[in-house]
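J.: To start, I am sharing the structure in question, which I have written as structure tokens.
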């Protein structure tokens, strides 16, 4: 892996992880679903405008439309909807750890639903990753963490795993930025009826405006662009290994900016989850996912798993 690819991967992981902290700033000051629907609307319109400037079309293939709709509903409306509501009560560091287990869940679903063979290293990573999550959740529940918030996070990350699996074939045929913009607008449309039940009690503060702008531009658009460029350079399997940094970055950023504290058990759990994710990613067979996606898409290439996983 060359230096440029390494820097791109580190930048993506850092931006992705920082989104939990910026989202935490937002939901502590404003209604979560209203803020999220507004974010999707702004990001989606910017994405579509940029896509049109680049000559991309919204005439997607049937497979692209299907995957875009499912992804928009599962990732944007369900995953992020549940997460933004939960982060009113759940700290950003814990939320980032739970969200980072998505590669573990995708690997488990691939084994359970598609009968994919998981090497011993991958099995060890799955066991270690879920054990680390159980350790962290047990520690936080004993420390007074909100059970409903944790349940919302678990539901959200399950929806994210389904969204990731649905993205096979979504970027084949081009129009990637258009797909990104459209799935954001789909998320906004799905959340709007629920957002209308909320009310803004205070005018937006400077903190809210800065956090909102950052969330729209950095995790929402820049991280997605970096991800696709990275996948094009080194492939989806090698690019996915950078996700093992997400728990570390997520906890570190939340500690620096929000002053969140971690217990010794939390830190041990973070290390276990990180190593579990790394083991699963390193054990993945480079050609297996692509061959399966090609069969399902009628010979077209696979899309990079994990598009737009930012909160």
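J.: Do we find that residue 280 is assigned to a helix (DSSP H, G or I) and modelled with pLDDT of 85 or more in this structure?
T.: Considered against the rule, which asks whether it is assigned to a helix (DSSP H, G or I) and modelled with pLDDT of 85 or more, residue 280 comes out as no.
J.: Can you tell me which residue within the stretch 53-78, out of those that are modelled with pLDDT of 90 or more and in contact with a helix residue (DSSP H, G or I) (Cβ under 8 Å, 6 or more places away or on another chain), is surrounded by the most Cβ atoms within 10 Å (Cβ to Cβ)?
T.: The residue in question is 77.
J.: Would you check if residue 293 is part of a helix (DSSP H, G or I), over 20 Å from residue 125 (Cα atoms) and modelled with pLDDT under 75?
T.: Answer is yes for this residue.
J.: For residues that are in a loop (DSSP other than H, G, I, E, B) and more than 15 Å from residue 265 (Cβ to Cβ), scanning just the stretch 138-168, find the one that is modelled with the highest pLDDT.
T.: For the stretch 138-168, the residue satisfying everything is 146.
J.: Out of (1) over 25 Å from residue 83 (Cβ atoms); (2) at pLDDT below 75, the odd one out for residue 305 is which?
T.: So residue 305 meets the others, but not (1).
J.: Is it true that residue 85 is crowded, with 19+ Cβ neighbours inside 10 Å, closer than 29 Å to residue 150 by Cβ and at pLDDT below 85?
T.: For residue 85, the condition - crowded, with 19+ Cβ neighbours inside 10 Å, closer than 29 Å to residue 150 by Cβ and at pLDDT below 85 - is not met.
J.: While we're here: Let me spell it out: the conditions are (1) at pLDDT 85 or above; (2) closer than 30 Å to residue 31 by Cα; (3) surrounded by 24 or more Cβ atoms within 10 Å (Cβ to Cβ), and residue 132 meets all of them except one. Which number is the exception?
T.: Against the list (1) at pLDDT 85 or above; (2) closer than 30 Å to residue 31 by Cα; (3) surrounded by 24 or more Cβ atoms within 10 Å (Cβ to Cβ), residue 132 comes up short only on (2).
J.: In the set 217, 126, 160, which member is under 23 Å from residue 13 (Cα atoms) and either surrounded by fewer than 16 Cβ atoms within 10 Å (Cβ to Cβ) or out of contact with any helix residue (DSSP H, G or I) (no Cβ under 8 Å at 6 or more places or on another chain) (or both)?
T.: 217
J.: To continue, here is another question. Output yes when any residue across the stretch 239-253 is over 30 Å from residue 139 (Cα atoms) and either in contact (Cβ under 8 Å) with a residue 12 or more places away in the chain or out of contact with any strand residue (DSSP E or B) (no Cβ under 7 Å at 6 or more places or on another chain) (or both), and no when none is.
T.: yes
J.: Further question: For the stretch 169-270, which helices (runs of 4 or more DSSP H) that fit wholly inside it have 2 or more residues that are at pLDDT 90 or above?
T.: 176-195, 206-217, 246-258
The values are calculated or read from the model by the stated rules, or taken from the named source; none is laboratory data. Note that the coordinates shown come from a computational prediction; the quantities given were computed from them, not determined experimentally. Using ideal geometry, Cβ is built from the backbone for each residue, glycine included, and neighbour counts are taken over all protein chains shown.
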